[in-house]
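Before any comments, here is the structure.
The values are calculated or read from the model by the stated rules, or taken from the named source; none is laboratory data. Please read all numbers here as calculations on a predicted model, not as lab measurements. No Cβ is skipped: glycine too gets one built from the backbone with ideal geometry, and neighbour counts run over all protein chains shown.
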Amino acid sequence: MAEEYTCIECENLYDDRDGDTDERMCNKCLNKIYDENHHSSVYHGVDNIQNEEQRDPNIIRSSTVHYPDWDKKNKEYVIPPKERKRMKLKKNEDAVMTLIYNRLELGRGRYGGDIPINGEKRRDNLKEAIEEAADLSIYLTSLLLEEEAHLKRYQKAYNLLMESWDKLPKENQSYISAKLEKLGL
């Protein structure tokens, strides 16, 4: 039996005989899109309109909607543009989802297969979660201490600047003020 894929438009299953694995769509959806594009190009009197985004040669398309595409150049997974539009992700949300996808892929490569549950593969998710939470508290505490040290240094620098601010020529004050405002300070 041929390998089945999930269409990114209708989410129905198809194989390489009744769909395009590069486009990640079944023939029914491809025909629908082709007809829409052909109709719009005839209607507007233009021979060849392409509404679809240019393909990035560095992106390897995933075979299903459930997994993101692989960016060969940046060596990370990315959510396909159509899926991004469907999900309506904001910039930061997209960064979070990309990080999660990359972590899933790392685990998939390191441990093989799906996330084990119910003791599969002799994994104890509760024990591992406790260990990861403990590790996280260590990393967060370290990060907070680092940030506190940075803030203290910045506060000292700010105090030095303020002590000598009135001694600066007005044009320097204006220049520094403009630069600080661009930085949101």
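Quick one: in region 96-130, of everything that is over 29 Å from Asn74 (Cβ atoms) and of a type in the set (Gly, Ala, Ser), which residue is modelled with the highest pLDDT?
Ala129
Only one of Lys121, Lys127 is of a type in the set (Lys, Arg) and surrounded by 10 or more Cβ atoms within 10 Å (Cβ to Cβ). Can you tell me which?
None of the others qualify; the one that does is Lys121.
Mind telling me which of the residues Leu183, Leu104 ends up being over 26 Å from Glu11 (Cβ atoms) and either aliphatic (A, V, I, L, M) or in contact (Cβ under 8 Å) with a residue 24 or more places away in the chain (or both)?
Result: Leu183 is the single residue among Leu183, Leu104 that is over 26 Å from Glu11 (Cβ atoms) and either aliphatic (A, V, I, L, M) or in contact (Cβ under 8 Å) with a residue 24 or more places away in the chain (or both).
How many residues are outside any helix (DSSP H, G or I), over 21 Å from the mean Cα position of the chain (by Cα) and surrounded by 11 or more Cβ atoms within 10 Å (Cβ to Cβ) when one looks only at region 99-118?
Selection size over region 99-118: 1.
Only one of Leu168, Leu145, Leu136, Leu180 is touching a helix residue (DSSP H, G or I) at 6+ places or on another chain (Cβ under 8 Å) and not aromatic (Phe, Trp, Tyr); which?
Leu168
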